[in-house]
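Trainee: Just passing along the structure, written as structure tokens.
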Amino acid sequence: MATKRDQQVIAIEEHYFDPELTQHFSSADEVPSGLRQRLEDVGELRLREMDEAGIDIQVLSHAPPGTQRLDPDSASLLATGVNDRLASIIKTNPQRFAGLASLPTPDAAAAADELERCVNQLGFKGAIIHGLTNGTFFDDKKFWPIFERAASLDVPIYIHPALPHPAVVDTYYQDYLTDYPGLETAAWGFTVETATAAIRIVLSGVLEKYPGIKIILGHLGEGIPFLLWRIDHALSRPGNKSLSFRDVFSEHFYVTTSGNFSDPALLCSIQEMGVDRILFSVDWPFVANDPGVEWMESLHLNNEDKTKILSENAKRILHIS
Ligand code: MN
């Protein structure tokens, strides 16, 4: 299976539900049934929809909130099982599936150890973090051991959205949620939360401390490529600590096309970050596969750069052979 141009297609932000973990968050029950069926399917239906669209490999990650909103003990206990079960799923179809680890960030030391176990023993390609860990952004110093371990293992950390902090929802979105529930999630709330998480990671100094860190953002960079000049310029004004935001961001961050199949947004991302830092993703099953692959096929972009986006960059950054 491949696109019409016979290009291999690797999609790296593709989600599933672990049956044991989903019992620990009530939002799983609110997922519409068609979506839930796809999240729970790690076989026939998933593979059929991959085949129909021409997607060769899905890098699987748990859907939000993953293991970020549990107490420390339950998080570590559950994450081990979640990752072991994901490893078994990948074993059923190693040519079609790869995995990103769910880390028990409520216990940061355990999360760093679990990342190492997942990479060295289970063959995972990196880790995914969903939003705030019990109200705390991921740049907090207590999480730095996870960054350190990721850098030493040379695997990326995918910073993925989850429902925004309740105080933010109340102040920013509540008035419109009855008519537009999407406002607090993919329409805007996810973007604000995840862009903020990314900006804070740059400001924290963790990337200077562990220079090998690679961070991946979905949705063509959560708006940051579009705003990079302005963020950089404003943070260079008097009164701010010395920092080249644009340089640090561009050195450590990668972006994927998940759920944002927009020509102008992609063009901006290529101009700002370079084509070597852009990876194809769909965000299945929240977004359907076909529109993503069809968009890539119709893009007025040279074949060499398209191949980089569709597979080569993922192979290099996630060490997929
Ligand atoms: Mn996603």
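Trainee: If Ala288 satisfies every condition in (1) surrounded by 20 or more Cβ atoms within 10 Å (Cβ to Cβ); (2) closer than 15 Å to Glu13 by Cβ but one, which is the exception?
Mentor: (1)
Trainee: While we're looking at this one, here's another question. Residues in segment 54-76 that are of a type in the set (Val, Ile, Thr), touching a Lys or Arg at 6+ places or on another chain (Cβ under 8 Å) and within 16 Å of the ligand (Cβ to nearest atom): how many? Don't jump to the end; show me each part of the working.
Mentor: Kept after step one, since they are of a type in the set (Val, Ile, Thr), are these residues of segment 54-76: 55, 57, 59, 67.
Now narrow it down to the ones that are touching a Lys or Arg at 6+ places or on another chain (Cβ under 8 Å): 57, 59.
Those still in the list that are within 16 Å of the ligand (Cβ to nearest atom) too: 59.
Matching residues across segment 54-76 total 1.
Trainee: Across segment 295-321, what is the total count of residues that are within 20 Å of Asp51 (Cβ to Cβ), in contact (Cβ under 8 Å) with a residue 60 or more places away in the chain and either among the aromatic types (Phe, Trp, Tyr) or more than 16 Å from the ligand (Cβ to nearest atom) (or both)?
Mentor: Adding up the residues that qualify gives 5.
Trainee: What residue, among those in segment 267-296 that are part of a helix (DSSP H, G or I), hydrophobic (A, V, I, L, M, F, W, C) and in contact with a strand residue (DSSP E or B) (Cβ under 7 Å, 6 or more places away or on another chain), is farthest from Phe147 (Cα to Cα)? Please lay out each step first, then the result.
Mentor: Pass one, segment 267-296, residues part of a helix (DSSP H, G or I): 267-273, 275-277, 289-296.
From the residues that got through so far, the ones that are hydrophobic (A, V, I, L, M, F, W, C) too are 267-268, 270, 273, 275, 293, 295-296.
Remaining after also requiring in contact with a strand residue (DSSP E or B) (Cβ under 7 Å, 6 or more places away or on another chain): 270, 273.
Values: Ile270: 26, Met273: 22 Å.
The extreme case among them is Ile270.
Trainee: Kindly evaluate Arg117 against the criterion of being more than 15 Å from Ile215 (Cβ to Cβ) and out of contact with any strand residue (DSSP E or B) (no Cβ under 7 Å at 6 or more places or on another chain).
Mentor: yes
Trainee: Can I ask one more? Residue under question is His300, and the condition is that it be part of a helix (DSSP H, G or I) and either among the aromatic types (Phe, Trp, Tyr) or more than 17 Å from the chain's Cα centre (by Cα) (or both); does it hold? First the steps, then the outcome.
Mentor: On the way: part of a helix (DSSP H, G or I): no; either among the aromatic types (Phe, Trp, Tyr) or more than 17 Å from the chain's Cα centre (by Cα) (or both): yes.
Considered against the rule, which asks whether it is part of a helix (DSSP H, G or I) and either among the aromatic types (Phe, Trp, Tyr) or more than 17 Å from the chain's Cα centre (by Cα) (or both), His300 comes out as no.
Trainee: Can you go through Asp51, Asp6 and tell me which one is outside any loop (DSSP other than H, G, I, E, B) and either within 23 Å of Asp154 (Cβ to Cβ) or away from the ligand (no atom under 16 Å from the Cβ) (or both)?
Mentor: After applying the criteria, what remains is Asp51.
Trainee: To continue, here is another question. I need the helices (runs of 4 or more DSSP H) fully contained in segment 183-237, keeping only those with at least 3 residues that are polar (S, T, N, Q).
Mentor: Working: elements: 189-204, 206-209, 224-235.
Answer list for segment 183-237: 189-204.
Trainee: Of the residues Pro94, Pro64, Pro106, which single one is touching an Asp or Glu at 6+ places or on another chain (Cβ under 7 Å) and either surrounded by fewer than 23 Cβ atoms within 10 Å (Cβ to Cβ) or in contact (Cβ under 8 Å) with a residue 12 or more places away in the chain (or both)?
Mentor: Every option except Pro106 fails the conditions.
Trainee: Considering only residues that are among the aliphatic types (A, V, I, L, M), free of Cβ contacts under 8 Å to residues at least 40 places away in the same chain and buried (at least 16 other Cβ atoms within 10 Å of the Cβ), which ones fall in segment 170-193?
Mentor: Leu183, Val192 - these are the residues of segment 170-193 that are among the aliphatic types (A, V, I, L, M), free of Cβ contacts under 8 Å to residues at least 40 places away in the same chain and buried (at least 16 other Cβ atoms within 10 Å of the Cβ).
Trainee: Do we find a residue being at positive phi and within 16 Å of the ligand (Cβ to nearest atom) anywhere in segment 278-287?
Mentor: Checked against the condition, which is being at positive phi and within 16 Å of the ligand (Cβ to nearest atom), segment 278-287 yields at least one hit.
Trainee: Quick check, is Leu243 in a loop (DSSP other than H, G, I, E, B), away from the ligand (no atom under 16 Å from the Cβ) and either touching a residue at least 40 places away in the same chain (Cβ under 8 Å) or closer than 15 Å to Phe138 by Cβ (or both)?
Mentor: For Leu243, the condition - in a loop (DSSP other than H, G, I, E, B), away from the ligand (no atom under 16 Å from the Cβ) and either touching a residue at least 40 places away in the same chain (Cβ under 8 Å) or closer than 15 Å to Phe138 by Cβ (or both) - is met.
Trainee: Now a separate question. Return yes when Asn260 is away from the ligand (no atom under 15 Å from the Cβ), assigned to a loop (DSSP other than H, G, I, E, B) and free of Cβ contacts under 8 Å to residues at least 60 places away in the same chain and no when it is not.
Mentor: Against the criterion (away from the ligand (no atom under 15 Å from the Cβ), assigned to a loop (DSSP other than H, G, I, E, B) and free of Cβ contacts under 8 Å to residues at least 60 places away in the same chain), Asn260 does not qualify.
Trainee: Exactly one of (1) in contact with a Ser or Thr (Cβ under 6 Å, 6 or more places away or on another chain); (2) more than 16 Å from the ligand (Cβ to nearest atom) is unmet by Ala28. Its number?
Mentor: Status for Ala28: all satisfied but (2).
Trainee: Lys141 passes all but one of (1) among the charged types (D, E, K, R); (2) under 18 Å from the mean Cα position of the chain (by Cα); (3) surrounded by fewer than 23 Cβ atoms within 10 Å (Cβ to Cβ); which number fails?
Mentor: (2)
Trainee: Okay, moving on. With respect to Pro106, determine if the residue is closer than 20 Å to Pro164 by Cα, within 16 Å of the ligand (Cβ to nearest atom), touching a strand residue (DSSP E or B) at 6+ places or on another chain (Cβ under 9 Å) and not in a helix (DSSP H, G or I).
Mentor: Working: closer than 20 Å to Pro164 by Cα: yes; within 16 Å of the ligand (Cβ to nearest atom): no; touching a strand residue (DSSP E or B) at 6+ places or on another chain (Cβ under 9 Å): yes; not in a helix (DSSP H, G or I): yes.
Considered against the rule, which asks whether it is closer than 20 Å to Pro164 by Cα, within 16 Å of the ligand (Cβ to nearest atom), touching a strand residue (DSSP E or B) at 6+ places or on another chain (Cβ under 9 Å) and not in a helix (DSSP H, G or I), Pro106 comes out as no.
Taken together, the values in this text are just the output of simple stated rules run on the coordinates, not laboratory data. Note that this is a predicted model, so its numbers are computed, not measured. Backbone-built Cβ (ideal geometry, glycine too); neighbour counts: all protein chains shown.
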